[in-house]
Structures are given as structure tokens and as C-alpha cells.
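So the structure is just underneath, and the comments pick up after that.
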Amino acid sequence: MRRWLLSPRGLFWGFFLLVAGTISAQFLVIGTGTLPELADGMPRTRFIQLLLGTWLLSLLVLGFAWRELDRRFVRPIAAVAKGAAILTHTDSEHSLEVPKGHWLQELPTNVQYLGDKLQQTRNDMEKSFASWSERLERQNRV
């Protein structure tokens, strides 16, 4: 749980809760500040219903927008970051997946190219190390 809260997605949703709490506090201040000033114009119950409806609608719109931002931006970036870590640390043959038509669609190809070059460099280093070790063994025998 703690690890998720400190992740970029956890911080993103924590910021959402902060914004939602701020909106709620603003509606509470507006509601409590104007209730005593209501006169004959609007019944208190109708005003409270209107205020609560507006509050719920604004939180709903904010939550939907935040969810879409998470789905379209945060998740793909996190997936590419995780895939890049897999490419560089463990499996250089791993393939990255990004939804078709996404603005990050070209990034997996570039990261895959980077992974291929990394694997090629590792192979070249192993060959070079093997040939160098062989050369040193021959020199020590002589």
C-alpha cells in the first residue's frame, strides 16, 4: 500500500483527493456563508439541494476528467517505464505495448531499438572479454 502511494499514479490520485477536498471545502464555505443571508427568495432546503447537486456534479466531472488523464497519460507512461526497466535490467527481448493510435506509439519502437543496441553491446563486450582472456592465457603460457 505504501509503495503504491509513493508511485507516480498514487501521487496523481492523491493530488486528485486534494483538489476534490478543496472543492468540497469551498462549497461548504459558500453554503454556510450564504445560508443565514437567505431571505424570502429561495427556501433553505431548495438551496441546500442545489448546492449539494452542484457539488456532486463538479466532483463527478473532476473525477471523470482525472480518470481519463490517468488512463490516457499516466498508465501508458508507467507501462513504458516498467518495460524500459525490464529491457535494460533483465530481458532485452521484451516488447513494449502501447495502445494503437496513442501519442506514445513511436516510443516503444525507439526503446526497443535501444534494447537491441544494448544487447548487441553486451554481446560485443563478452566476445571482446573472451578474446582478451584467451590472449592473456596464451601470453602466460609462453
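Applying the Karplus relation 6.51 cos²θ - 1.76 cosθ + 1.60 with θ = phi - 60° to region 127-140 yields 3J(HN,Hα) values of 5, 5, 5, 5, 5, 5, 5, 4, 5, 5, 5, 5, 5, 6 Hz, where x marks Gly and Pro.
How charged is the neighbourhood of PHE73? Take every other residue with its Cβ under 12 Å from the Cβ of PHE73, and add Lys/Arg as +1 and Asp/Glu as -1.
Numbers: positive: ARG9, ARG67, ARG71, ARG72, ARG75; negative: GLU68, ASP70.
Cβ neighbours under 12 Å give a net charge of +3.
Put a dot 7 Å past the Cα of ALA81, heading toward its Cβ, do the same for PHE64, and the two dots end up 2.9 nm apart. Around ASN110, with a cut-off of 13 angstrom between Cβ atoms, what is the net charge of the other residues, counting Lys and Arg +1 and Asp and Glu -1? Taking every Cβ under 13 Å from that of ASN110, the sum is -1.
Each reported figure results from applying straightforward, stated rules to the coordinates on display, with no laboratory input. No experiment lies behind these values; they were computed from the predicted model shown. When we count neighbours, we look across all protein chains shown, and the Cβ atoms used for this are built from the backbone with ideal geometry, even at glycine.
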